[in-house]
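Here is the structure we will look at.
The values are calculated or read from the model by the stated rules, or taken from the named source; none is laboratory data. Note that the structure is a prediction, hence the values are computed from the model and not measured. Using ideal geometry, Cβ is built from the backbone for each residue, glycine included, and neighbour counts are taken over all protein chains shown.
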Amino acid sequence: MGIPVPTTSRKPLEVPEQVRAWFEHPLRARQPAPLSARDWIAQTLQRHFRLFYGIAHGYFRDPSQAEDMVQNAAVKALQNLQSLKDPGAAVEWLARITRNACIDTLRESRHAATDPPEVLEQLAVPASVEIYRQERQRFLLREINALPENLAMVVRLRFFEDCDVSEIADLLGLRRNTVEVRLHRALKKLAKCKSLKLFQRQSR
Amino acid sequence: MKVDDLIRDYFDNALSAQDAAQALAAISGGSARRARQMVETDAQLRQLLEDFEPPEGAEERLGKFVRSRNLVKAPEVKRSRLRRLPVSLGFEVVGFQKSEKPAKPRRRRKPKAKRPKKRK
């Protein structure tokens with residue numbers, strides 16, 4: 001268990017003054033979002049990209065499809081920017097949009113045509129250890145996605161962003177104790193998941 | 001040191017997984033055992049997802065995509081059909097004021113309640 005302890009000091013999500021002013025304006029619904037708001041969303045997406053990509057990759061096997069999903073989520077977020085009430089909670093909001101976009105696409109693709117046979121053949125055969133590792137990671141991401149959303153968000157911030165409890169509490173606007181309880185519950189559930197048990201068996 | 005304090009220190013990244021597990025192993029009791037399991041699970045998950053990285057350059061691509069187009073929707077102002085007409089004409093109509101007020105929703109008539117059929 002020689003895992004290095006990350007020493008990142010993360011601040012809660014910064015919102016530029018101009019963007020905050022737009023969000024706090026009483027007639028926001030009738031005013032177009034300023035260009036700075038678009039820039040701010042782009043920055044937030046780039047900064048937490050690993051988290052959003054992690055959510056999408058848990059639903060889709062193909063990395064490029066997961067990337068497309070994050071792009072779709074970005075489009076949806078920008079189109080509905082006016083519905084975001086608290087800009088400080090943008091990360092959680094974007095994560096929920098990503099998750100919903102993935103679920104919607106999966107629902108639609110159930111009725112769509114499947115991949116051509118040669119693509120399926122390529123995916124069925126594990127070419128190397130690297131692919132095997134990626135697959136195991138994807139299974140784990142899927143199990144994280146299967147958790148209740150409030151637990152999953154805490155886990156994502158912990159493992160994708162290397163946040164400690166107080167940083168998670170700041171980002172999600174929760175009390176420290178709440179984060180601890182959610183983390184404990186999530187870890188208890190994840191300890192039972194198959195991909196982790198497989199990992200434990202191999203590391204012994 | 002109590003179990004709760006150890007766990008708290010570990011989740012605050014003030015204590016490494018190895019140190020926390022060692023300290024918890026020295027404490028007897030169910031809560032210490034459960035806490036050690038939790039620390040181990042956390043460390044294993046972190047190790048598994050340590051090298052999880054999105055494709056190269058994906059962040060920059062997304063940033064460029066978001067900044068390249070105006071994806072922000074203009075807010076829709078509802079107007080009645082009569083008020084929409086001068087706007088769609090494309091030239092100024094004398095006496096017409098382009099107001100920002102949203103149109104009032106139309107009132108609907110209440111459907112009449114059906115009379116119960118008389119039984120003979």
> Considering only segment B:21-42, how many residues are of a type in the set (A, V, I, L, M), under 23 Å from residue A:189 (Cβ atoms) and out of contact with any Asp or Glu (no Cβ under 7 Å at 6 or more places or on another chain)?
Replying inline: 5
> With segment A:31-93 as the region, which helices (runs of 4 or more DSSP H) entirely inside it contain at least 1 residues that are within 7 Å of another protein chain (Cβ to nearest Cβ) and touching an Asp or Glu at 6+ places or on another chain (Cβ under 7 Å)?
Replying inline: A:35-47, A:49-59
>> Residue pairs, Cβ under 7 Å, 6 or more apart or interchain, first in segment A:18-29 and under 13 Å from residue A:81 (Cα atoms), second among the hydrophobic types (A, V, I, L, M, F, W, C). List them.
In response: A:19/A:37; A:19/A:40; A:22/A:33; A:22/A:37; A:28/A:22
> Filter segment B:44-62 for residues that are within 7 Å of chain A (Cβ to nearest Cβ) and not in a helix (DSSP H, G or I); which is surrounded by the fewest Cβ atoms within 10 Å (Cβ to Cβ)?
Replying inline: B:55
>> Can you find, within segment A:20-30, the residue that is modelled with the lowest pLDDT among those that are touching a helix residue (DSSP H, G or I) at 6+ places or on another chain (Cβ under 8 Å) and within 12 Å of another protein chain (Cβ to nearest Cβ)?
In response: A:29
>> Of all residues being among the β-branched types (Val, Ile, Thr) and at the interface with chain A (Cβ under 9 Å from one of its Cβ atoms) in segment B:3-43, which is nearest to residue A:142 (Cα to Cα)? Just the residue, please.
In response: B:41
> Which of the residues belonging to segment A:174-191 are outside any helix (DSSP H, G or I) and either surrounded by 13 or more Cβ atoms within 10 Å (Cβ to Cβ) or at pLDDT below 85 (or both)?
Replying inline: A:174, A:191
> Name the pairs: first residue in segment B:86-115 and part of a loop (DSSP other than H, G, I, E, B), second residue small (Gly, Ala, Ser) and at pLDDT below 75, Cβ to Cβ under 9 Å, at least 6 apart or on different chains?
Replying inline: B:103/B:80; B:104/B:80; B:106/B:80
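Filter segment A:145-154 for residues that are surrounded by fewer than 24 Cβ atoms within 10 Å (Cβ to Cβ) and either in contact (Cβ under 8 Å) with a residue 40 or more places away in the chain or not small (Gly, Ala, Ser) (or both) and give the result. Show your work before the answer.
First, the residues of segment A:145-154 that are surrounded by fewer than 24 Cβ atoms within 10 Å (Cβ to Cβ): A:145-152.
Across segment A:145-154, the qualifying residues are A:145, A:147, A:148, A:149, A:150, A:151.
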> Just checking, which of A:126, A:87 is at pLDDT below 85 and surrounded by 14 or more Cβ atoms within 10 Å (Cβ to Cβ)?
Replying inline: A:87
